[in-house]
Amino acid sequence: MAVGEVQVGTSAHAQGHLAPTEVIPTLSRHVLTDGYDIVCDLEASSGSTIVDARTGARYLDLYSFFASAPLGVNPPALVGDPAFLAELARAAVNKPANPDMASAPYAEFVAAFTRVLGDPELPHLFFVEGGSAAVENALKCAFDWKSRHNEAHGRSAGLGRLVLHLRSAFHGRGGYTLSVTNTDPAKTARFPAFAWPRIDCPAVTFPCTGAALDAVVAAERRALAQAEEAFARHPHDIACFLAEPIQGEGGDNHLRGEFLRAMAALCERHDALLVVDEVQTGVGLTGTAWAHTQLGLRPDIVAFGKKVQLGGVMAGRRVDEVPDNVFRVPGRISSTWGGGLVDMVRSRRMLEIMESERLFDRAAALGTDLLAALRDVVDRHPGLVGNARGRGLMCAVDVVDGVRRDEAVRRLREHERVLLLPAGERALRFRPALTIGAEELAAGVGALDRVLTGLGPALPSPASPATPAAPGRPAAPGRPAAPTTGPVTPVRPATPVRPAAAVDAGSSTQET
């Protein structure tokens, strides 16, 4: 089966009815089961280990449900707390309409969100279910703002219908977001879309020095010229510029702060809002609450999702230049549930743990070692893999071509039992939980090193370290348990940590 959604199940004893071997056949009779050929055991899986309920096979999880599980599977601080589980169960019995019916759990979540993730300059919050819906409502906010801004300045209120955005962007699968998503054509082809202005993505190649720096600066100038031309071609009609701080599905494409700040200045000059999509980059993955703060950006709107457990937007700054914005006029943006209450209860507790255990700082430290280890791998496999890059734990490398990248994903899963995601045309991306152990990261890097050795050939390099162990050799059963928090030790390639397994699965991406 192709890389995608994990099919969720538990042991027959825990579930009471359906045996693990019956899970995927039952699902496949009615839904497309193109995810991993794994039945996730929701009792035995823990932290960064996913257990197949059918076989007991253990997989090192470096994808964390597309970066949406901040504490991994079955976080001890949650499952080991009977009082919290009772609170979660009480919230799960009902699904109230949060925008219309206040409750203490809703207010407690908002307070925790504001304390851990909030920005005083972005005081307005809106919650909804899913990252795509979050981006949709961020765009609606921008459209409304631009229309009212135009009207207040004697221009047509019908202007302000366009979104300036980047090539290789993924912003979701909704109505508006389909017009700004342009990664895999299978996700957008044949669906009607708006012809909104699109500019080049001047992605950085690392190390960004010398000729590589000259090339990205030249690419930034071209992209800025394209943006200037778009504003000139559509006077007063561009509501916002939308961008991911790091493009995830598009290839883990990093953008320099200098470029994004120049785009922000351009937006301010042309009365357009800056909208940052932090659905994947947000909530500590890059080593800070939000990636845009590392780039020196001051967005007007931030969209979030995934690790928050629900979607939403934070807004402020120039949004409040229009008094009747969508956060002040009832009914302009809303939804039935305004984000699920049970997700809010879970999120609140997760945010408390992230705060008390300083998991954002920990992700920054672990990420530094992970990136160093990936650079070592690049040095050992010149010509086969390169462009090691990352912020915090959001790290990636490029394989020389898409065919060998896809084969690497397959061998990692089948031979090493490591779940690692592809991205773009030839990237491999790490998306571990914030609680992953240094030993587990080392095991993942070691598995990648062995797989690359088997893929070859790599160009010879006199500076390369000794040849790593051959891929597929027998491994010691199991792997040591890693602490969810605590001292950070250097990440370096490790010896195999589990027996090889043959699992039938493909290698397509299915970002949610």
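The values are calculated or read from the model by the stated rules, or taken from the named source; none is laboratory data. Everything numeric in this text was worked out from a predicted model, so none of it was measured. Don't worry about glycine lacking a Cβ; one is built from the backbone with ideal geometry, like all the others, and counts go over all protein chains shown. Surface areas here come from the heavy atoms of the whole protein model, side chains and all, with no ligands, DNA or RNA. Shrake-Rupley method; radii C 1.70, N 1.55, O 1.52, S 1.80 Å.
Things worth noting here:
- Taken residue by residue, the stretch 240-250 has no member that is assigned to a loop (DSSP other than H, G, I, E, B) and of a type in the set (A, V, I, L, M).
- Selection within the stretch 380-411 - under 22 Å from A69 (Cβ atoms), out of contact with any Lys or Arg (no Cβ under 6 Å at 6 or more places or on another chain) and assigned to a strand (DSSP E or B): G390, R391, M394, C395
- Against the test of being under 24 Å from the mean Cα position of the chain (by Cα), within 30 Å of N137 (Cα to Cα), crowded, with 21+ Cβ neighbours inside 10 Å and basic (K, R), the options R348, R389 yield a single qualifying residue, R348.
- Residues (within 11 Å of G339 (Cβ to Cβ) and open to solvent by 70 Å² or more (accessible area, probe 1.4 Å)) located in the stretch 96-131: E129
- Filtered by the rule that a residue be in contact (Cβ under 8 Å) with a residue 60 or more places away in the chain and over 18 Å from the mean Cα position of the chain (by Cα), the stretch 419-440 gives G437, A438, E440.
- Here I436 clears all of (1) closer than 24 Å to T183 by Cα; (2) buried (at least 22 other Cβ atoms within 10 Å of the Cβ) except the condition numbered (1).
- Filtered by the rule that a residue be crowded, with 24+ Cβ neighbours inside 10 Å and either of a type in the set (D, E, K, R) or in a helix (DSSP H, G or I) (or both), the stretch 265-290 gives D277, E278.
- For the stretch 51-87, a residue qualifies if it is open to solvent by 40 Å² or more (accessible area, probe 1.4 Å), assigned to a helix (DSSP H, G or I) and either free of Cβ contacts under 8 Å to residues at least 24 places away in the same chain or over 25 Å from A423 (Cα atoms) (or both), and the qualifying residues are P76, V79, P82, A83, L85, A86, E87.
- Unmet criterion (only one of (1) closer than 25 Å to L71 by Cα; (2) of a type outside the set (K, R); (3) in a helix (DSSP H, G or I); (4) out of contact with any Ser or Thr (no Cβ under 8 Å at 6 or more places or on another chain)) for V377: (1)
- Taking the numbered list (1) closer than 25 Å to H153 by Cβ; (2) among the hydrophobic types (A, V, I, L, M, F, W, C); (3) touching a Ser or Thr at 6+ places or on another chain (Cβ under 9 Å) in turn, L274 passes all entries but (3).
- Looking only at the stretch 163-179, and only at residues there that are in a loop (DSSP other than H, G, I, E, B) and closer than 16 Å to R222 by Cβ, the one that is least open to solvent (accessible area, probe 1.4 Å): S168
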